[in-house]
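The values are calculated or read from the model by the stated rules, or taken from the named source; none is laboratory data. As the structure is a prediction and not an experimental result, all values here were calculated from the model. Heads up, the Cβs are rebuilt from the backbone with ideal geometry, glycines too, and the neighbour counts pull from every protein chain shown. Ligands, DNA and RNA are stripped out before the accessible areas are found, and what is left, the full protein with its side chains, is counted by its heavy atoms. Shrake-Rupley method; radii C 1.70, N 1.55, O 1.52, S 1.80 Å.
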Amino acid sequence: PPPRRVLLLGEGNFSFAAALCGARATHVVATCYESEEEAAGRGGAARSIRRLRDSGAEVVFSVDCTKLKEHFSPGKREFDRIYFNFPHCGRKAGVVKNRQLLAGFFHSCAEVLAQEGEVHVALCNGQGVTPADQPRREWHNSWQIVAVAAGAGFILSHVHPFKAETIEGYKCTGYRSQDKSFCVEGALNHIFTRSTAPQCFTPMSCQTQLGSQKVSFQVPQVLVDKINRGFLEGNSSHPVRTIKEKLSAGLSQAFPLQNISSCLPLLQQGHPGGVCPSNVFWITPSPGEAPGTEKMSQGQADAVLCSHLGQDTDENGQEGCPDPEQFYLRPSLLPYAQAIIEKGAFSPGTLQVLSGPVFRKCRITPHSMPAFHEMLLVLAVSRGTENICVQMLVENINTTMNSLHQGVSGTKPSISLQEAASFGIELSDFAAFERQLGEIQHFLCVGTEPEPPGSCVGVIRAAPGGLKSRELVVVSASLNLDLLAMLLCGISDWRMLWTWDRRFLGQFPEGELRLFKTFSLYPPSYVHDVSFWLPDGQGLDEVAFHTLARRVSGETVVSIQLRDNFQQPGTGRRSLCYRVTFQCCDRALGCREAAEMQLRLRQEIQRHLGVTLR
């Protein structure tokens, strides 16, 4: 539908506004910075102003685009669309002054734009310094429009050419504050929308049943927004659920299939055999009911009740050497499958399907996720037939994936088995962690090569695994549903799967899989360095460092790279320097917010990792 109320700012001769005034059901408010006497002196302006007024449009003069709230009464402040074509401070103002103008403009727009409204800003070629500009200017010599808009809570959602020749009667004017035209060849129209606000998650306490006792535990802060999201529940249209359901339907054509209906606990006890303690989230449950708990989703019986506590606590205080009575958030569903096998609660030849979110501490890389949804397939078969069953599993998964991918993009991916012995040394964090859980026969990869690391989407194991019968062998396949969703739907950043922005799920109605179209183009990134001395004779736990960065930044750190490793002559003290890059894929992130996060990160690494800042 056409916008109801449209605001145009900085009109030179009002020819652009006049071209819009005929639109049905649209009320146009055209403004300029100059007085009416000054504006009417421009060529053709008086004629356009008359046309606007004759059509019922409002024409307002002496409007400051950085103080829009002051120019409109409370009942007339909400606009569905705001246009600002070729903004400029006037005369020979440099890029710094024009960036300041845009900053004030975007902050002012936030006060008068409808919630679902758009801000359209046309710039000459190169001024915006986005990849859409050809050629691109140097960053310092541009208007940095996406970063400036982010500071006011806006994200760039679309960019398209500004085709002046298609706008009837339009004539650009105002070159250096004069009644002269300027070159608009290659100009671009940038369309901004409101970003979701930064999520402020208070510490969360969950309650669960451990044996006959109810206990509560605090959720690690880095996972607060990932607990109990319900992506796999029946009413969800999230891509991970759609893929899980499609895979289950395909597998049921080849095997009798049983979904494990009992809810699987979030907590596991003791020591995760073979897994490095620094790769799991350790939990210290406390007896009794958490104060102020409220009911959570029934789909997670393992986290029945939840409360948000009023004060922060030090989750890193729970780090360290685990004891046999300590608990941790499940990093895999494999132990539950092993428990089912040991109890004999299975039917040979029936495919058991377990699914749910799992949690792992990991480094920050494009495909490393502290939380993802695992689909675990378990099948007991006669000894000697395990290879045939593995091949059947892979062929069935491949057929389903081909069908899904062809429906989404028109192309067929190839899911192949990679022998574990021949898989590259440089494993993704997902593959490396799976290797810690036990011997792997095959890696499931999309494509024929194990690179890039994100191409590994699952693993296959075949081992006796606790069966009492020597005639049977257990075959299991573990699939990372989040990686599959990224590969199928063209999602480049795993964080988008967890976004709170409704525009994400809006692209997958009723569980339909489609190629994802990002609603945040060219998000700005901010680079900061941090260097510190290590404690004498000690190294740095990089996983702990990256987990701390995730928590402090709210998952806005996209890269941590070692820049320098210096050892001081004489003393032998070691100093490390890391480059930290902040970037957000789904919401606005301004330079000031990134700088504040960097400051907090410096404070937290000194507090929790025992280093000395330089």
Using the Cα centre of the chain as origin and beta-carbon charges of +1 (Lys, Arg) and -1 (Asp, Glu), tell me which of VAL552, ALA485, ALA147 is placed farthest towards the positive end of the dipole. ALA147
Please report the net charge: other residues with Cβ closer than 10 Å to the Cβ of ILE82, K and R +1, D and E -1. 0
Expressed in angstrom, Rg and Dmax over the Cα atoms of region 526-613 are 13.5, 48
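Determine one quarter of the surface area of the Cα convex hull of region 4-194, which equals its mean projected area, and express it in nm² to one decimal. Don't skip to the answer; put the middle values down first.
Working: hull surface 39.9 nm².
Taking a quarter of the hull surface, the average projection is 10.0 nm².
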Leaving ligands and nucleic acids out of the surface, order ASP536, ASP586, ASP133 by accessible area at 1.4 Å, largest first. ASP536, ASP586, ASP133
For the chain, longest principal axis from Cα atoms; helix 334-343 axis from its Cα atoms; angle between them, nearest 10 degrees, is 30 degrees
Residue by residue through region 223-238, the couplings from Karplus 6.51 cos²θ - 1.76 cosθ + 1.60 with θ = phi - 60°, in Hz, x for Gly and Pro, are 10, 4, 8, 10, 7, 6, 7, x, 5, 9, 6, x, 8, 8, 10, 5
Tell me, what HN-Hα J-couplings in whole Hz come from the Karplus equation 6.51 cos²θ - 1.76 cosθ + 1.60 at θ = phi - 60° for each residue of region 390-400, using x for Gly and Pro? 4, 5, 5, 4, 5, 5, 5, 4, 4, 4, 5
Pull out the extension gain between ASN565 and ALA110, defined as 0.36 nm times the separation in residues minus the alpha carbon to alpha carbon distance; nm, one decimal. 159.3 nm
If N is the residue count of the chain, its Cα Rg over 2.2 N^0.38 Å rounds to 1.15
Can you list residues from other chains, or at least 5 along the same chain, whose modelled amide H is less than 5 Å from the amide H of LEU351? LEU257, GLN258
Using Cα centres only, tell me the gap between region 359-386 and region 202-275 in whole Å. 13 Å
In square nanometres and to one decimal, what's the mean projected area of the convex hull around the Cα atoms of region 92-203? 9.1 nm²
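Excluding THR612 itself, what net charge comes from residues whose Cβ is under 15 Å from its Cβ, given Lys and Arg +1 and Asp and Glu -1?
Details: positive: ARG573, ARG574, ARG602, ARG607, ARG614; negative: ASP536, GLU604.
In short, +3.
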Putting +1 on Lys and Arg Cβ atoms and -1 on Asp and Glu Cβ atoms, find which of PHE16, VAL28, GLY186 reaches farthest to the positive end of the dipole of region 4-194. GLY186
Specify the angular offset, from 0 to 90 degrees and rounded to the nearest 10, of the alpha carbon long axis of helix 542-553 from the longest principal axis of the alpha carbons in the chain. 40 degrees
How large is the charge dipole for region 4-194, taken about the Cα centre, if only the Cβ atoms of Lys, Arg (+1) and Asp, Glu (-1) carry charge, to the nearest 20 debye? 120 debye
Express the C-alpha Rg of region 57-101 as a ratio against the empirical globular expectation 2.2 N^0.38 Å, rounded to two decimals. 1.38
Starting at the first residue of region 203-210, write each ³J(HN,Hα) from the Karplus equation 6.51 cos²θ - 1.76 cosθ + 1.60 with θ = phi - 60°, in whole Hz, x for Gly and Pro. x, 10, 10, 10, 10, 8, 9, 10
Roughly how many debye, to the nearest 20, is the charge dipole of the chain about its Cα centre, given +1 on each Lys and Arg Cβ, -1 on each Asp and Glu Cβ, and no other charges? 1220 debye
